[in-house]
């Protein structure tokens with residue numbers, strides 16, 4: 001197969017992810033700012049985040065077997081198209097005066113479910129990497145780098161558009177990016193990139209976790225198989241629990257703490273875009289560095305130091321600073337740290353989970369890791385309303401610092417540096 005043709009799926013998937021991610025970064029700023037300006041309520045702003053992320057988590061928890069049956073490629077295409085229509089519905093209903101609070105929360109919830117389904121593109125990464133003949137560490141680094149670059153560009157663009165126009169325009173652009181992402185997957189990613197469904201035996205030989213039954217019984221069996229495999233791997237469980245806490249704190253930051261700090265301290269949505277862009281720039285640099293050095297770095301140490309650098313310092317800077325420049329410096333450094341987190345996680349996850357189980361196992365892992373996200377905005381909104389912004393920032397910083405010490409001290413994280421042997425191929429009957 002000619003080299004350019006082999007890489008078409010990889011390039012197309014990365015482009016689709018990047019374009020969709022840019023739009024999502026824009027709406028991540030536009031929706032909280034829209035609610036905050038319209039209502040002045042940090043609690044309602046947090047409730048909007050809860051409405052969006054709860055369906056996302058539910059799909060991650062329950063959708064793995066469906067993705068297995070329908071195919072990750074097909075799910076990604078239709079989910080992106082559906083998300084485009086749903087996101088576009090928000091500004092359209094607002095324009096005709098029909099966007100009430102309940103309607104907004106309902107639409108945002110549907111968008112969250114569609115985004116959860118669209119995230120099935122993640123399990124296509126090993127397939128396009130294999131077809132392209134590229135090392136998985138480099139592909140996960142490129143994948144994260146593209147996403148970080150998109151966030152770096154989408155955030156500042158959203159800030160400019162919010163300051164010059166309105167959240168409605170930003171949401172329409174986000175709808176367009178979802179549509180383009182779906183079309184790119186359709187045209188460039190081959191069906192062969194879908195995870196194969198050949199049964200494989202666990203090392204223990206206890207049971208075959210590939211479930212091909214039909215109907216509700218087969219679906220539940222497949223769902224149990226994914227959670228059973230996850231539960232059997234202490235390293236993946238440790239990752240999921242750690243990310244559960246940090247994702248909760250990050251959602252509180254992005255949906256409440258950051259927009260409230262910008263609104264109260266700086267007073268302009270342009271600063272939202274600048275903060276997002278500088279953090280994104282750092283994350284792109286970190287991802288690029290990992291794509292280059294990742295195969296040669298000790299994974300556990302790299303992961304631990306990146307998380308420690310990218311976590312608590314952001315909240316400390318916002319709690320202490322009354323101007324933008326010192327916060328921007330910290331955000332750049334924190335972004336560099338965060339740029340190495342997802343590529344490391346991706347390489348570990350793809351290495352430890354057999355291909356035919358990745359949709360359901362990584363879906364289960366994603367569900368556990370994201371379980372705290374819906375609560376993040378609610379807790380941050382309540383903390384700001386009850387304790388004040390500064391106290392909420394300090395409490396979040398302390399919780400983040402304690403959580404990110406886990407990879408240094410917990411034995412389960414030693415599995416980052418151990419490559420499991422490949423599972424044996426099944427012997428034909």
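The values are calculated or read from the model by the stated rules, or taken from the named source; none is laboratory data. Keep in mind it's a predicted model, so treat the numbers as computed, not measured. For neighbour counting, all protein chains shown are included, and Cβ atoms are generated from backbone atoms with ideal geometry for every residue, glycine included.
Scan the stretch 56-74 and tell me whether some residue there is closer than 17 Å to residue 174 by Cβ and in a helix (DSSP H, G or I).
Yes, there is a match, as at least one residue in the stretch 56-74 is closer than 17 Å to residue 174 by Cβ and in a helix (DSSP H, G or I).
Determine which single condition residue 237 fails, assuming it passes every other condition in (1) closer than 21 Å to residue 375 by Cα; (2) surrounded by fewer than 17 Cβ atoms within 10 Å (Cβ to Cβ); (3) in contact with a helix residue (DSSP H, G or I) (Cβ under 6 Å, 6 or more places away or on another chain).
(3)
Residue 224 passes all but one of (1) modelled with pLDDT under 80; (2) under 21 Å from the mean Cα position of the chain (by Cα); (3) in a helix (DSSP H, G or I); which number fails?
Failed condition: (2).
Within the stretch 76-91, how many residues are crowded, with 16+ Cβ neighbours inside 10 Å and farther than 24 Å from residue 363 by Cα?
4
Please go through (1) under 19 Å from the mean Cα position of the chain (by Cα); (2) closer than 15 Å to residue 25 by Cα for residue 142 and return the number of the only condition it doesn't satisfy.
Just one mismatch for residue 142, condition (2).
Anything in the stretch 342-360 that is crowded, with 22+ Cβ neighbours inside 10 Å and either over 25 Å from residue 297 (Cβ atoms) or free of Cβ contacts under 8 Å to residues at least 40 places away in the same chain (or both)? List them, or say none.
Result: 357, 359, 360.
Among the residues that make up the stretch 272-293, is at least one of them under 30 Å from residue 385 (Cα atoms) and surrounded by fewer than 22 Cβ atoms within 10 Å (Cβ to Cβ)?
yes
Tell me, which residue of the stretch 129-141 that is closer than 16 Å to residue 349 by Cβ and part of a helix (DSSP H, G or I) is modelled with the lowest pLDDT?
Applying the filter and picking the extreme gives 137.
Just name the residue that is surrounded by the fewest Cβ atoms within 10 Å (Cβ to Cβ) out of those in the stretch 310-334 that are under 14 Å from residue 287 (Cα atoms) and modelled with pLDDT of 90 or more.
Of everything passing the filter in the stretch 310-334, 332 is surrounded by the fewest Cβ atoms within 10 Å (Cβ to Cβ).
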